[in-house]
Amino acid sequence: MTDQTTTRDEIRDHLFQKLAETAESIRRGGAMTDEQVTCAFLGVGVTLARHTCGPVGAAEWLRDMADEIERGDNRLNGMLQ
């Protein structure tokens, strides 16, 4: 990373921004459809959640994400800690 990130929140926010930029670049470039990009990124999230929280925790994480989406909450980038 080029900038100095000193806290977990800053690192998380930086990573989220870079991933969002990458997703947008892939989408705009036509390399993958929106659905393909979404599935790929979700797969990474599920893999990390399983590693961090186990299968039950990963399922709970996905349910929490679904709840946040239904509520229209835009803070999804901070949900996996």
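The values are calculated or read from the model by the stated rules, or taken from the named source; none is laboratory data. Please read these numbers as outputs of a predicted model, since none were measured by experiment. FYI the Cβ positions are ideal-geometry reconstructions off the backbone, even for glycines, and counts take in every protein chain you see. For accessibility, only protein heavy atoms count, side chains too; no ligands or nucleic acids. Shrake-Rupley method; radii C 1.70, N 1.55, O 1.52, S 1.80 Å.
Can you spot a residue in region 3-24 that is more than 15 Å from the chain's Cα centre (by Cα) and among the aliphatic types (A, V, I, L, M)? So far as region 3-24 goes, no, none of its residues is more than 15 Å from the chain's Cα centre (by Cα) and among the aliphatic types (A, V, I, L, M).
Is it the case that residue 11 is assigned to a helix (DSSP H, G or I) and at pLDDT below 90?
Yes.
The residue pairs whose first member lies in region 34-58 and is farther than 19 Å from residue 22 by Cα and without any contact (Cβ under 8 Å) to a residue 24 or more places away in the chain, whose second member is open to solvent by 80 Å² or more (accessible area, probe 1.4 Å) and of a type in the set (A, V, I, L, M), and whose beta carbons are closer than 8 Å, counting only pairs six or more residues apart or on different chains, do not exist in this structure.
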